1. Quickly estimate the mean residue ellipticity at 222 nm for chain B, helices only: each DSSP H run with n ≥ 4 gives -39500 (n - 2.57), and the total goes over all residues, rounded to 500.
2. Which log10 I(q)/I(0) values does the protein assembly as shown give at q = 0.12 Å⁻¹ under the Debye formula, counting every alpha carbon as one identical point scatterer?
3. How many partner chain Cβ atoms sit within 10 Å of a residue's Cβ in peptide A:97-109, on average, as a whole number?
4. Work out which residues of region B:107-143 lose at minimum 50 square angstrom of accessible surface when the other protein chains are put back, relative to the chain isolated, with a 1.4 angstrom probe, and list them by number.
5. Over region B:170-245, what per residue volume does the convex hull of the Cα atoms give, in whole Å³?
6. Can you give the accessible area per residue of the protein assembly as shown, in Å², using a 1.4 Å probe?
7. Rounded to the nearest percent, how much of the accessible area of region A:2-267 (1.4 Å probe, protein heavy atoms only) is carbon and sulfur?
8. Roughly what angle does helix A:240-265 make with the longest principal axis of chain A, taking Cα atoms, 0 to 90 degrees, to the nearest 10?
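The values are calculated or read from the model by the stated rules, or taken from the named source; none is laboratory data. All values reported here derive from a predicted model rather than from experimental measurement. Quick reminder, even Gly has a Cβ in these numbers, built from the backbone with ideal geometry, and neighbours come from all protein chains shown. Ligands, DNA and RNA are stripped out before the accessible areas are found, and what is left, the full protein with its side chains, is counted by its heavy atoms. Shrake-Rupley method; radii C 1.70, N 1.55, O 1.52, S 1.80 Å.
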Amino acid sequence: MSTTTSNLFAYRELIVALARKNIVVRYKQSYLGLLLAVLKPVMLMAIFTLVRSFIGIETDGTPYPILTFAALLPWIFFQESASEGVSSVTSNAALIKKIYFPREVFPLTAMVTKLVELTISFFILAGLMAYYQMMPTIYILWVPLIILYTMIIALTISFFGAAINVYYRDMSQLLPIALSLLMYGSPVIYPLSLVRKKLLDEQMAGDWSNQLYTLYTLNPLAGIIDSFQRVLLKGIPPDFNALLPGFILISVLLPISYLFFKRAENWFADII
Amino acid sequence: MPIIEVKHLTKEYNLGAVTGIKDSLRHTLAKIQGKDTWKRERFKALDDVNFTIEEGEVVGIIGHNGAGKSTLLKHLANITKPTRGEVIVRGSIAPLIEVGAGVNPELTGRENIFLNGAILGIPKKVIQSKLDEIIDFSELEQFIDTPVKRYSSGMTVKLGFSIATSMDAEILIVDEVLAVGDIAFQQKCIERMEKMIKNQGRTVLIVGHNIRQLERLCTRVMLMDHGAITNDGLPRKVCGLFFKQAQEKTFNRKEHTEGKITPQRDSGIISVNEVELFNSDGIKQNGTGLHEALTVKVTFSCTQDLERPEIVIGLHTADFVHVLSVSNALPDIRPSLVAGTHVVTCQLTDIPLRPFSYSLRVAFLDQHRQMLWYAENIIPVLITAGRYDITRLPEVGLIDVNANWAFDKEIATKKA
């Protein structure tokens with residue numbers, strides 16, 4: 001793991017250059033440019049707000065549009081980073097076959113690329129916060145850490161998925177489907193507080209309620225989205241109980257996923 | 001300590017496609033149970049390769065297509081891992097494997113310089129300081145801020161070469177990149193390569209098919225065949241051997257033995273039925289001796305009357321250096337021919353070619369020099385030393401001309 005960190009440093013120029021290339025290539029010859037990156041969260045926010053006006057979702061007093069936008073930000077960042085990360089190795093087949101550098105540069109580059117798009121979305125969020133007259137508190141300092149944690153989760157999926165994808169391209173097709181399903185299992189449309197209330201307070205699922213809640217928070221995105229909303233919108237520290245199960249899961253999976261990637265890496269050039 | 005060490009390097013590839021997930025799972029399951037049913041055909045791209053390279057050596061790797069040259073370089077550049085054996089490289093490597101691998105068409109030339117620099121591991125500062133030099137060398141000042149997708153293919157490779165060779169690494173790996181761009185730029189590339197090799201004392205590995213270029217650049221050449229190194233030594237010796245092999249291969253080609261001629265260009269007016277060669281004694285033989293006569297007899301038929309056709313007969317080497325050409329237009333012996341079968345003989349009275357094997361080419365042109373029929377590699381022609389002592393002939397050179405020697409004064413020779 002420490003080698004990744006040192007690689008990250010040694011190859012930072014390469015990662016930056018490749019990320020720059022990704023962004024330039026994606027938005028060159030497009031009139032809207034980087035604004036396209038924020039189109040998705042804004043559109044989804046609009047749709048969710050519309051849907052919510054029919055079905056009603058309790059939000060603990062936070063205005064729903066900004067609540068769901070603050071959920072979409074880390075979610076879309078995660079979803080796209082992971083999707084991009086999984087196909088990052090195969091989409092750079094030409095480089096893989098010609099030049100050696102540690103292959104984890106590709107998933108890492110995918111993360112960095114998406115980070116730029118995330119930054120743009122933050123401006124929209126800031127605008128929304130100004131509109132709802134929400135003042136950021138000191139807890140905003142948690143945001144970089146939460147983003148970093150989100151990147152680590154996306155990397156965990158990327159390492160494993162990218163290596164599989166070299167052998168079986170199904171991976172890059174199936175993952176977006178799986179992730180869009182996972183969105184419903186994450187507190188994007190509804191807040192985590194609602195899940196907590198139903199399961200922990202009202203014990204809706206009977207004896208299984210507590211276990212179900214743990215299972216729900218095993219999805220690291222549950223904790224992340226909730227923390228993100230708390231530190232930004234509510235001005236309170238993250239809920240560590242909601243973060244813990246997912247954190248344990250990722251701590252176990254990341255080394256496995258990374259080792260799997262490094263082992264498979266040796267044959268990338270032959271198979272790709 | 002050698003800078004590169006390769007020990008018992010073997011690389012096998014599975015033939016055929018990657019199997020579906022079902023097969024994969026089944027075979028993995030079978031493997032776990034200890035009965036390996038997976039018998040996929042395997043291909044040895046490299047077969048127990050051993051060598052060491054010392055610092056400062058310039059090593060060329062030659063061989064036929066599929067001999068394993070590029071696979072070997074891929075192992076040295078750490079792009080792929082050996083099935084068995086070991087590759088030790090002590091030093092930084094700059095792989096110029098196919099120049100322009102990292103050139104992105106959407107980016108401008110300048111952006112690509114920085115991107116490729118990063119890909120090759122050149123620090124941004126170094127690129128910045130060398131930017132002018134790179135742009136200057138690529139001859140693309142005018143287009144440097146234009147997206148590469150609007151470049152011609154020649155411009156793209158020029159850019160790639162300029163970036164790649166600006167890199168400072170201890171070991172340079174070059175695969176088929178020497179000849180890029182037009183002739184003037186090729187010359188520049190070669191000069192730059194030679195400068196890098198000779199002046200800076202780098203270790204260089206070059207793979208290529210342009211044997212003459214390699215012979216010129218390298219201090220040592222390895223010949224590969226079927227994944228193994230069959231010869232390793234002085235460039236001239238190994239390249240000569242390779243040429244010989246190439247000749248033998250052409251000699252044994254089916255088309256020759258069956259006497260069938262396939263023209264490169266054919267207007268349908270002329271068909272060549274037979275080409276025969278005779279030596280100076282008039283004996284039918286695919287070759288002759290140095291400074292002896294060679295007679296070429298071509299039997300052909302034309303479907304229509306031909307007015308004063310021109311016939312060109314020539315010899316070329318295996319790598320298509322056209323060393324000799326004669327035409328009936330020069331002595332102006334070009335009668336008009338009626339439709340039907342004709343025989344033309346041409347005696348080359350004094351073949352000035354060094355002992356080697358060549359190939360025959362024949363061209364038919366009409367009176368306006370429009371190509372009617374053209375074929376290369378028709379029959380192999382073996383030139384022997386003939387009446388000369390082969391050991392006294394110089395080792396290099398294609399053509400032998402008569403020379404008169406003189407020294408400024410009589411040199412007294414000691415009598416034994």
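1. Taken over chain B, the calculation gives -8000 deg cm²/dmol.
2. Reported log10 I(q)/I(0), two decimals: -1.31.
3. Mean shielding by partner chains, rounded to a whole number: 4.
4. When all protein chains are present, B:LEU115, B:ALA118, B:ILE119 each give up 50 Å² or more of accessible surface.
5. So the per-residue Cα hull volume is 98 Å³.
6. Per residue, the protein assembly as shown has 50 Å² of solvent-accessible surface.
7. Carbon-and-sulfur percentage of accessible area, whole number: 70.
8. Once rounded, the angle reads 10 degrees.
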